Amino acid sequence: MPDQDFDLIILGSGPGGYVAGIRAGQLGLRTALVEKDPKLGGTCTLRGCIPTKALLHTAAVLDEIRDAGTHGIQVPAPQLDVAKAQARKRSIVDKNSKGIEFLLKKNKVTGLHGRGRLTGPNQVEVDGPQGKKTYSAKNILIATGSVPRDIPIAPADGRRILNSDHVLELERVPQSLAVLGAGAVGTEFASIYASFGAKVTLVEMLPRILPIEDEEVSAGLEKALRKRGIDVLAGTKLTAVEQTDSGVRLSLEGGKKPTVEAELLLVAIGRRPVTEDLGLEALGIQLDRGYVQVNEFMQTAAPHIYAIGDVVPTPWLAHVASSEGILAVEHMAGQPAKPLNYDRVPSCTYCDPEVGSVGLTEAKARERGYAVQTGKFPFSALGKARILGRSEGFVKVVRETKYDELLGVHIVGAHATDLIAEACVALQMEATNEELFRTMHAHPTLAEGVAEAAHAASGHAIHI
Ligand SMILES: Cc1cc2nc3c(=O)[nH]c(=O)nc-3n(C[C@H](O)[C@H](O)[C@H](O)COP(=O)(O)OP(=O)(O)OC[C@H]3O[C@@H](n4cnc5c(N)ncnc54)[C@H](O)[C@@H]3O)c2cc1C
């Protein structure tokens, strides 16, 4: 094979591509990263994880101030300055994007600005501000991510029907917001705008919100969101959308309301992979509903071409994309590489209250034939939760009874997305439930709830 310009060319600088670039640099691969956007970081940094969590934090601060009276602190009713909140969000996004640029430089990754496509088995054409240029590489990594999916009856127009990219840039709080889709993205925006003062309706076609979570978690979250004034319509199908003088009217089927009116509609029904016009099919790489098919090391049908993140049919999550990126790069560099265990992917929704889970739900564990015992411990029995004034929610542990293996941990409640980390470690280390409850947990902490739920799964919770 003739000398190549690079050992690796990566298409896309999201959490899949940029993390793969850093790891490749660490392993000494001569690496280039192609990005069509002027800023680095992809969906996660620019239009996903980071900006949503910045706005969710603003929402949390607003709610804390509203609650100050319960601490004996008298403050006037807080006013939200949306422009300032948005400016703060943008500055966080920019800092993160600049941080990625710095890390790539530090690891000697060459940045190529432009739209990349494969023009041969080892060739990438980059169409950038200076025109088209072609580069060669021994390996290629596709990390071109995803964009919001439209539905034919409600295509996003950026005015009254919005997708997640549009709603992130809103410079005002609408009177009312209908959200279609109660996955993580829809539920987080419902939570933000409820705190910001909009009347929010959350519409989900499946029988429950956050349908991939444990059923008890979905039910617990629904109860908490209703208490916050969010109208949750699960088991409800959208059949039509009409424009009205003041917004949109949704026609609904199957649920408790036939219509809902709102000033704005957010469509959050999922995303589609960005794989068209990359030149993949011409190289014999087949797509299935737009997704690239890969083996357990993220290799496509052409073994030197890898694909990771939102373009492959694994969970749409930044940490999945990053882990797949590291796996792919270590594999192509000839390092010992271990396929990922997708049963151990943490799933987090940063709404209020938060949801964090890892491992099998109770239903999945039973479906797989395990003899299952579960334990639940409410936040209301935790001293720390009372101190924080955050008594809603619970921790649920799923274990199997033959070897006492820990199968899953599911949390709905304050700081659930941080609390889930210890369960991730426990599952990764194939801990038994007893190892989890015998691990000493500091008092008073919310993490005690995890140990208590593990105790409960073995039949002996202490503080209840
Ligand atoms: C509102 C929202 C909130 C989210 N919150 C979370 C969260 O809290 N936690 C979490 O884990 N996940 C979250 N996600 C999901 C997460 O953002 C994605 O799973 C993740 O970004 C996927 O990473 P990726 O590297 O595969 O692709 P992306 O992040 O989509 O990046 C792909 C990059 O490739 C570039 N690109 C595309 N085509 C080309 C081309 N031909 N040439 C050059 N460049 C190209 C794009 O411009 C983009 O920069 C959220 C998503 C959304 C929409």
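Quick notes on this structure:
- Each Lys and Arg Cβ is given +1 and each Asp and Glu Cβ -1; about its Cα centre, region 230-293 then shows a dipole of about 280 debye.
- The convex hull around the C-alpha trace of region 345-464, projected and averaged over every direction, spans 6.6 square nanometres.
- Net +/- balance of residues flanking residue 343 in space, Cβ distance below 10 Å, scoring K and R +1, D and E -1: +3
- Listed residues 73, 126, 355: farthest to the positive end of the dipole of the chain (Cβ charges): 73
- Counting only residues at least eight positions apart within a chain, or on another chain, the aspartates and glutamates with an alpha carbon under 19 Å from that of residue 256 are 204, 222, 231.
- Size descriptors for region 50-201 (Cα atoms only): Rg and Dmax, in that order, 21.1, 69 Å.
- Counted by Cβ distance under 12 Å from residue 30, the other residues give a net charge of -1, where Lys and Arg count +1 and Asp and Glu count -1.
- Rounded Å value of the spacing that divides the Cα centres of region 169-215 and region 40-87: 16 Å
- Nonlocal amide H pairs with residue 6, under 5 Å, H built at 1.01 Å: 136, 137, 138
- Formal net charge of residues neighbouring residue 282 (Cβ-Cβ distance under 15 Å; K, R +1; D, E -1): -3
- Relative contact order [Cα under 8 Å, 6+ residues apart], region 377-464, whole percent: 32 percent
- Put simply, when 92-100, 47-55 are sorted by average Cβ atoms within 10 angstrom per residue, most first, you get 47-55, 92-100.
- Cα→Cβ-extended label distance, 7 Å offset, between residue 440 and residue 425, nm: 1.5 nm
- Shape of region 195-262, Cα gyration tensor, a/c cut at 1.5: oblate
- Protein accessible area in the chain, 1.4 Å probe - carbon and sulfur %: 53 percent
- Taking a straight Cα-Cα cut-off under 17 Å and skipping sequence neighbours fewer than 8 places away in the same chain, the aspartates and glutamates within cross-link reach of residue 338 are 296, 324, 330, 430.
- Summarising the label geometry, the points placed 7 Å from Cα in the beta-carbon direction at residue 338 and residue 79 lie 5.7 nm from one another.
- Compared with the direct C-alpha span, the chain from residue 66 to residue 246 gains 61.9 nm at full extension, assuming 0.36 nm per residue.
- 1.4 Å probe accessible area per residue over the chain, in Å²: 46 Å²
- Karplus (6.51, -1.76, 1.60) ³J(HN,Hα), θ = phi - 60°, over region 210-216, in Hz, Gly and Pro reported as x: 6, x, 7, 7, 4, 4, 5
- Backbone geometry of region 19-36 corresponds, through the Karplus equation with coefficients 6.51, -1.76 and 1.60 at θ = phi - 60°, to 3J(HN,Hα) couplings of 5, 4, x, 4, 5, 5, x, 4, 8, x, 6, 6, 10, 10, 10, 9, 9, 7 Hz, x marking Gly and Pro.
- Using a simple spin-label model with pseudo-atoms 7 Å out from Cα toward Cβ, residue 460 and residue 3 lie 7.0 nm apart.
- Between residue 301 and 286, the built amide H atoms are under 5 Å apart, and every one of these is 5 or more places off in sequence or on another chain.
- Taking amide H as placed 1.01 Å from N in the peptide plane, residue 271 has its amide H under 5 Å from the amide H of 149, each at least 5 places away in sequence or on another chain.
- Debye log10 I(q)/I(0) at q = 0.14 Å⁻¹ for region 134-293, Cα point scatterers: -0.74
- Once C-alpha pairs closer than 8 Å and six or more residues apart are averaged by separation and normalised to the residue number of region 200-267, the relative contact order reads 27 percent.
- For the chain, with +1 on Lys and Arg beta carbons and -1 on Asp and Glu, the positive-most of 210, 15, 269 along the dipole: 15
- In terms of packing, defined here as the mean over residues of other Cβ atoms within 10 angstrom, the peptides 185-192, 373-380 line up highest first as 185-192, 373-380.
- Pairs exceeding 31 Å between alpha-carbon atoms, taken from 36/89; 53/132; 53/223; 98/364: 53/132; 98/364.
- Couplings for region 229-239, taken from phi via the Karplus curve 6.51 cos²θ - 1.76 cosθ + 1.60 with θ = phi - 60°, read x, 7, 7, 9, 10, 8, x, 10, 9, 7, 10 Hz in order; Gly and Pro are left as x.
- Size of charge dipole - region 115-251 - debye, nearest 20, with Cβ of Lys, Arg +1 and Asp, Glu -1, no other charges: 300 debye
- Share, in percent, of DSSP beta bridges within the chain that are antiparallel, nearest 5: 65 percent
- The coefficient of translational diffusion for region 157-223, derived via Stokes-Einstein from the alpha carbon Kirkwood radius under 25 °C and 0.890 mPa s, stands at 196 µm²/s.
- Rounded if a/c under 1.5, otherwise prolate or oblate - the chain, Cα gyration tensor axes: oblate
- Working ranking of peptides 204-213, 346-355 by packing, defined as the average number of other Cβ atoms within 10 Å per residue, highest first, is 346-355, 204-213.
The values are calculated or read from the model by the stated rules, or taken from the named source; none is laboratory data. What you see is a predicted model; the values in this text were computed from it and never measured. Cβ: placed from backbone, ideal geometry, glycine included. Neighbour counts: every protein chain shown. Calculation scope for accessible area: heavy atoms of the full protein, side chains included, ligands and nucleic acids excluded. Shrake-Rupley method; radii C 1.70, N 1.55, O 1.52, S 1.80 Å.
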